[in-house]
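To start, the structure under review is shown below, and the notes come after it.
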Protein chains: 2
Amino acid sequence: MHPEIVRPTMLLDETRVRANIERMAAKARANRVRFRPHFKTHQSAQIGEWFRAAGVSAITTSSVQMAAYFAGHGWDDITVAFPANVREIGEINRLAAAVRLNLLVESLAAAQLLESQLAHPVGAWIEVDAGSGRSGVPWNGGGDLHALAAFLAGSSKLRLQGLLTHAGNTYAARGRDAVAAVHDETITRLQRLRNWLMEHGFLGLELSFGDTPACSMLDNWGDVDEARPGNFVFYDLTQMAIGSCIAADVGFVVACPVVAVHPERREIVLYGGAVHLSKDVLLQAGGLPSYGAVVPLHAGGWGDPLPGVWLRSLSQEHGVVAATAESWPPLAGVQVGDLLGVLPVHSCLTADLLKEYVTLGGEHISMLRLPTGGG
Amino acid sequence: MHPEIVRPTMLLDETRVRANIERMAAKARANRVRFRPHFKTHQSAQIGEWFRAAGVSAITTSSVQMAAYFAGHGWDDITVAFPANVREIGEINRLAAAVRLNLLVESLAAAQLLESQLAHPVGAWIEVDAGSGRSGVPWNGGGDLHALAAFLAGSSKLRLQGLLTHAGNTYAARGRDAVAAVHDETITRLQRLRNWLMEHGFLGLELSFGDTPACSMLDNWGDVDEARPGNFVFYDLTQMAIGSCIAADVGFVVACPVVAVHPERREIVLYGGAVHLSKDVLLQAGGLPSYGAVVPLHAGGWGDPLPGVWLRSLSQEHGVVAATAESWPPLAGVQVGDLLGVLPVHSCLTADLLKEYVTLGGEHISMLRLPTGGG
């Protein structure tokens, strides 16, 4: 099967991916919320068109380079959901001349640097850390929220849009109730900050959120204006563990050649390592780390993950599949030269590494390939 | 400083890297061992020339594609140190027509598949798992070593070279004595297998090893014929933790723009995430995970890692630097728009992600960029 696959290759199920997109777009419509999906997961102009077919016209990216790529493919309303990197002011100015660009600011210092160097107006979202502890003005005070809001309100180049957060802490939750609790807390904290700013005369502020767990598991997203989920386009093993999706929703697996079989220790070595899958890891029940689940490939796609079978370690190019004694039998017939599918722990990072999708129909779908890192 | 650096960028100290190469080449000469360095760490034709200047003429790669890249840059004696992937037979045959190619086999099944499809003779090393538990014929029996050796001895296309191992288990060792113990055990096991094969009439077998910890920390490598270390060209935080090198040996750091400063929680957010550094992680003393150490950059290079300062988490593009209370003062003056250096946990994976080096003199050095993953 798949003789054309000779190296680790992302096999993409277009039907599932389009269904994931349509389902989330419909949910956003039902919530009367602007759907601004995060394109950092797929990073593909062609998959972007599947979003356009679902009515999407505004997008999110995680870098200025990614925004430039999608601007070059006809997207003209882009939020770079990352604290503005003032060193990229040249590229920011080129982009802002061409599209409606929104940036994230979380400090007066960054806002002042941008103001002094921006050549064109941009939208500005105040990033709020609503409890995830990564970036943003702390929800519970500290930082310079009032000074920042006042500066933005008086700026002609940075047009204040509202408050934006990424509730990365839903990723530590397991199950709908736990995710709902984090989401409610997140939105309540954003609303409280917005109310406080309103009392200080800052009016018309929108709220933007967008983690895949909350967007997937909750029907009612609450009083928000914009949603920016990204991972849901493919989902992955982490989202399955959280409860955001089931295996039948996952949009791609990595087809990996089998290069060694060790029945004596119930292990199989794959051509498929850290440079293909990423070293993101998921702790399984029982505490054993997993670098991916294993699925059988068949002519029309792939099956559900084999229970009791997991990728136990990754080197640069090797992946070692382990199985419990009860779980070995379905693998007993696997031979050198066969292919096994790996359902990734974190689809965003795996896609970023492999740089190309192949659909079940054999179509090759390209992605952003970054130019040089320097200057 | 470095206004030309606007995104995460590998800053490479050519003097250190050339010194690392020369030191290891000299050690191989002193041991009268063939030096066949692993080029998977740097993946750069230009850095390959620095090895050539140190007298190197035979190399190791971790993939067939990487071998083809270096073959295209004048290397004509290449071992692909990965269990032969029979699905790549087309590319293997093209390579074997052009260069002296060596492959790893660890099973009769793989050897038979190769024999039936090879168009040109290649060298064949029997890979031995001498205790690391990844790939290879188990050192302690099991597998089909005798049948494999007999098959190779009778093959006209697969020319048996000897026994090869990668002692990945030295990476769990800490300090010279612990590394020496693993190395001695590894070499003893290889020798025992070679003796056993000699008793069965398989003569003239060489031994090949090559982990960076043993090659760096031990002056006497023992009774071996070939050494294939790779990581030593750059070293990294993991090698520092093992004891293979000191900070002043590390060949590159990643210059990362500062995008947010949070003195209230003693944290700094960098533009520098999992897609730049990889999610490889090192457990620090005390059990806290680190995704990198932090170094100050200066005009001539960079300083030693700041004690008590570490990269505590990585998202796709964000890196969060944390510091203990005593360690914050040197960071107190850091501002949005500054650069900080990150000394990587695992330089091979970081280099593979960033795809380009910039020397302290401002020269850009390119690397292998793979074509499409599929077909």
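Every number in this text was worked out from the coordinates using simple rules, so none of it is lab data. Note that the structure is a prediction, hence the values are computed from the model and not measured. Cβ sites come from the backbone with ideal geometry, for glycine too, and all protein chains shown count toward neighbours.
At-a-glance table
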quantity	calculated
Distances in nm from B:GLU206 to the matching label points in the other copies, shortest first (labels 7 Å along Cα to Cβ)	6.5
Directionally averaged shadow of the protein assembly as shown, computed from the convex hull of its alpha-carbon atoms, nm²	30.1
Calculated from backbone phi, Karplus (6.51, -1.76, 1.60) coupling profile of the range A:156-171 in Hz, x at Gly/Pro	8, 9, 10, 9, 5, 9, x, 10, 10, 9, 10, 7, x, 6, 5, 5
Interchain or long-range residues, amide H under 5 Å from A:GLY123's placed H	A:LEU101, A:ASN102, A:LEU103, A:ARG159
Order of A:ILE78, A:ILE365, A:ILE242, B:ILE246 - criterion: other Cβ atoms within 10 Å of each residue's Cβ, fewest first	B:ILE246, A:ILE365, A:ILE242, A:ILE78
Phi-based couplings in Hz for the range A:34-51 (Karplus 6.51, -1.76, 1.60; Gly and Pro marked x)	5, 9, 10, x, 7, 8, 5, 6, 8, 6, 10, 4, 5, 5, x, 5, 5, 5
Sorted by Cβ density within 10 Å, fewest first, the residues A:ASP219, A:ASP225	A:ASP219, A:ASP225
Dipole magnitude of the range B:118-262, debye to nearest 20 (Cβ charges: Lys/Arg +1, Asp/Glu -1, about Cα centre)	280
Per-residue Cβ neighbour rank within 10 angstrom, fewest leading, A:CYS256, A:CYS215	A:CYS215, A:CYS256
Mean shadow area of the range A:42-121, taken as a quarter of the surface of its Cα convex hull (nm²)	5.0
Other copies of B:SER57: label-to-label distances in nm, shortest first, labels 7 Å along the beta-carbon direction	6.8
7 Å along Cα→Cβ, label-point gaps from B:ASP77 to other copies, nm, shortest first	6.4
Nearby lysines by direct alpha-carbon distance to A:LYS355 (threshold 30 angstrom, same-chain neighbours under 8 apart not counted)	A:LYS27, A:LYS40, A:LYS279, B:LYS40, B:LYS279, B:LYS355
Magnitude of the charge dipole, the range B:31-233, Cβ model with Lys/Arg +1 and Asp/Glu -1, debye to 20	280
Along each principal axis, Cα extent of the range A:278-322, largest first, Å	32, 26, 16
Cα-Cα P(r), chain A, percent of pairs per 10 Å interval	5, 23, 30, 24, 13, 5, 1, 0
Cα gyration tensor shape of the range A:31-234, rounded if a/c is under 1.5, else prolate or oblate by comparing a/b with b/c	oblate
Charge dipole magnitude, Cβ of K and R +1, D and E -1 - chain B, Cα centre, debye nearest 20	360
Cleavage-rule hits, GluC sites (Glu not before Pro), the range B:1-93, DSSP coil, Cβ neighbours within 10 Å at most 14	B:GLU4
Fluctuation leader among B:PRO305, B:PRO329, B:PRO138 - chain B, Gaussian network, Cα springs under 10 angstrom	B:PRO329
Computed [θ] at 222 nm, deg cm²/dmol, the protein assembly as shown (DSSP H ≥ 4; -39,500 (n - 2.57); rounded to nearest 500)	-8500 deg cm²/dmol
Proximal aspartates and glutamates to B:LYS157, defined as alpha-carbon separation beneath 12 angstrom and excluding residues fewer than eight positions away on the same chain	B:GLU115
Karplus 3J(HN,Hα) series, Hz, for the range B:357-369 with 6.51 cos²θ - 1.76 cosθ + 1.60 (x for Gly, Pro)	9, 10, 6, 4, x, x, 7, 8, 10, 8, 10, 4, 10
For the range A:110-176 versus the range A:306-338, the gap between their alpha-carbon centres in whole angstrom	45
Exercise: per-residue mean of other protein chain Cβ atoms within 10 Å, B:313-319	6
Chain B Cβ-axis minimum, rotational copy A, residue and distance in Å	B:LYS279, 2
